[in-house]
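Report on the following structure.
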Amino acid sequence: AGGSSASSAPPSPSSLPRARGCGGSGIAELAAAVRSFAQGAERRRLEAAAEHLSNGREAFVQWCTKGAKVVSAASSQFQQDAEDVRLARDLITRNIDAAYLAHVFSSVLVGKFAMLCSRLEKLPAPDLGGRWGRHATRQVMERSMREELEQGLRVAMQESLEEVTTEMARQEQPSVDRIQRVARKGTSMPWEAEMKRLEVELDKGQLQHFAMHFFGSLSVGVLSGIGALALETLLGELALGPVGIIAGVATFVAIGVQNADWPSVRGEFVRQARAQHLELVRQAKEKLDFPGLCERRRRRILEQMDIILSRLLSEVAALAEAASEFARCALALQMRPKAQSSSRASSATC
């Protein structure tokens, strides 16, 4: 007990000669004390280092765990966006119905054609330009009615096609809603430019421009083809045959020198037009090629949607890989302390 107190307390001046007098045993005790102090300091340093390492490992495990959760959440969000784009794609494929659009066009055109005929029934007599005689004046009247009919048909078809594009926009609206929902979630995404381009493409004004470009100029494209056949069919029965060859001279003079009766010509013209309007509508519907319009529209939109969907799925795959890497690092760090503790236990046993 006295020796342990002497080794723990600083030596007094009176004891120094005695220590020097002890010879080799005093030096050995001093060396043992130094070694014990060094071993304790090393042990404390190693324990502190182990504690710091454990704290660092625990913090890194937490960081990896949080990173995996954040990346998984982002991946889930992008997966939802991809699902919205995929659903918008399916809706575009299913909803654009060529047969229904053709039906809309026919229904609207029939109604507008009836209104056109009612307007033709009230037309005033045209300027005869100094013509006289039943045959000559009838030709002037028919030509005036034909021009009015053709101009009215152009307007009626233009308005009918506008109704078609309006209905087409309604068919596309569910897809537009989903694309806009994806676009509003954030900016600075790799697919931002493609998303804006798709939004512009799905705009109603752009749809109207696309449809009119597809159909071409109404005056040059559609009605020039229809007019050559449909209007001749419509008006062919109104043409007069030769007058006066079979009739006698008195009949020719009585009929030929009189001007044609405008109400009679106008009424007969409108009657024939009403009788042929279904044939005209049928020819117009066939020439406008609504299946071709819908197919081209679908292909144009789906190409852009496929680009966006591909980029979204690539981002989802990259995020899934990052989440897996975070999880792998966290698991490896959690398993390492167990391996080290088991190795220390085995070395202690040895």
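Over all other residues within a Cβ to Cβ distance under 15 Å of Pro263, the charged ones net out to +1, with Lys and Arg as +1 and Asp and Glu as -1.
Listed values for region 102-114 are Karplus-derived 3J(HN,Hα) couplings in whole Hz (6.51 cos²θ - 1.76 cosθ + 1.60, θ = phi - 60°), namely 5, 5, 4, 4, 4, 5, 5, 5, 4, x, 6, 5, 5, and x replaces Gly and Pro.
With θ set to phi - 60° and the Karplus curve 6.51 cos²θ - 1.76 cosθ + 1.60, what are the ³J(HN,Hα) couplings of region 287-304 in order, to the nearest whole Hz, using x for Gly and Pro? Computed from phi, the couplings for region 287-304 are 5, 6, 6, 5, x, x, 4, 5, 5, 5, 5, 4, 4, 5, 6, 5, 4, 6 Hz. Rounded to the nearest whole Hz, the Karplus-based 3J(HN,Hα) values (6.51 cos²θ - 1.76 cosθ + 1.60, θ = phi - 60°) of region 164-172 follow the sequence 5, 5, 5, 5, 5, 5, 5, 5, 8, with x at glycine and proline. Scoring 52-61, 68-77 by mean Cβ neighbours within 10 Å over their residues and listing the highest first yields 68-77, 52-61. For Asp289, nonlocal amide neighbours, meaning residues 5 or more places apart or on other chains whose placed amide H falls under 5 Å from its own, do not occur. Approximating the spin labels as points 7 Å out from Cα along Cα→Cβ, the Lys122-to-Glu47 distance works out to 10.8 nm.
Since every read-out is calculated from the coordinates, none of them should be taken as a lab result. Please read all numbers here as calculations on a predicted model, not as lab measurements. No Cβ is skipped: glycine too gets one built from the backbone with ideal geometry, and neighbour counts run over all protein chains shown.
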